[in-house]
Amino acid sequence: MIIQKEFLHKLKDFGLNSYESKLWAALLSRGVSTAGELSDIANVPRSRSYDVLESLEKKGFIIMKLGKPIKYLAVPPQEVLERVKKKIKEEAEKQSNLLESIKEGELLTELGNLHKQGIELVEPTDLTGAVKGRNNIYNHLYAMIKDAKESVVLMTTEEGLIRKAEILHAAFEKAKKNGAKIKIAAPLTKKTEEVVKILSKFATVKHVDDIKARFCVIDGKEVAFFLLDDKEIHPTYDVGVWANTPFFANALDKIFTRVWKEYA
């Protein structure tokens, strides 16, 4: 039986490895078969077939029929899909409950104390880092903004404003609840009209169109700035620099304030 590699690769979405995918596909094509037959059809070593079939049985993909020789029966794919979905939901709920228990327990407090003690020993020049890839950048921005206590100032592009409204609005909401004043400067166009309405619930948004910059300052202490034009770079190759430096953050904050006043 010849099965396209692309097809077998897609079966990994069911949580199967290469041998499991081959044997399950072979069994589906036969309905009922022995381990030896499936091994020959799927081109899987016989020495591995029994272990792999046992794994598929435990996962609920096949049923082992009693008798000699032992034969295996394929479970309908629709039923398998429901079983996989159910298992994923159960595992996700279990993991979520575990994380909640950690959040409410002593472990997180102890880890936080360790981190605080460690940070106190770190040189200020070491509290910097590069963040690569737009997803990672926004994850870092989210973490920065949601913990803001006094201020968030952000300058971005037209497209950047649209992305931030979608990805960071919850972080802006948390920052506002913390008491932080949020100011956002960006080119405002017809494309941004709807997102400005969303962001205006949490922030003051102003039109600034003659300065192309991408940066964020938190509480006048922490800064993230981005090195490339988001119109010219693929999201995967976007790069940001984060620094916990009150000296530079305060200077950038003052520059932002001057620009902000010019657009009163």
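Bear in mind that the values in this text are calculations on the coordinates, not laboratory data. As the structure is a computational prediction, the values presented were derived from the model and not from experiment. So basically every Cβ, Gly included, is an ideal-geometry build from the backbone, and we count neighbours across all protein chains shown.
So here's what we get for this one:
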read-out: Relative exposure of 142, 263, judged by other C-beta atoms within 10 Å (fewest first); value: 263, 142
read-out: Loop-resident sites, region 200-264, for trypsin sites (Lys or Arg not before Pro), counting at most 12 other Cβ within 10 Å (DSSP); value: 201, 231
read-out: Helical mean residue ellipticity (222 nm; -39500 (n - 2.57) per DSSP H run of 4+; nearest 500) of the chain; value: -17000 deg cm²/dmol
read-out: Pairs of lysine residues in region 5-76 - Cα separation under 22 Å, sequence separation of 8 or more or cross-chain; value: 14
read-out: Rounded to 5, percent antiparallel among DSSP beta bridges of the chain; value: 75 percent
read-out: Segment residue 83-residue 263, length gained on full extension (0.36 nm per residue, minus Cα span); value: 59.0 nm
read-out: Positive-end residue, the chain charge dipole about Cα centroid, Cβ charges, pick of 263, 170, 248; value: 170
read-out: Percentage relative contact order, the chain, counting C-alpha pairs under 8 Å, at least six apart; value: 14 percent
read-out: The chain: most fluctuating residue of 135, 17, 250 per GNM, C-alpha cutoff 10 Å; value: 17
read-out: Radius of gyration and maximum dimension Dmax of the chain, Cα, Å; value: 27.3, 87
read-out: Top of 223, 196, 80 by mean-square fluctuation, Gaussian network on the chain, Cα under 10 Å; value: 80
read-out: Relative contact order [Cα under 8 Å, 6+ residues apart], region 5-76, whole percent; value: 30 percent
read-out: Extension gain from residue 150 to residue 30, taking 0.36 nm per residue of separation minus the Cα-Cα distance; value: 36.5 nm
read-out: Out-of-range pairs (alpha-carbon distance over 32 Å; input 132/197; 94/191; 103/221); value: 94/191
read-out: Neighbour-count order for 144, 155, 64, fewest beta carbons within 10 angstrom listed first; value: 64, 144, 155
read-out: Per-pair calculated FRET efficiency, R0 = 30 Å: residue 190 and residue 248 via Cβ, rounded to 0.05; value: 0.25
read-out: Pairwise centroid distance, computed over Cα atoms, of region 187-259 with region 25-88, Å; value: 55 Å
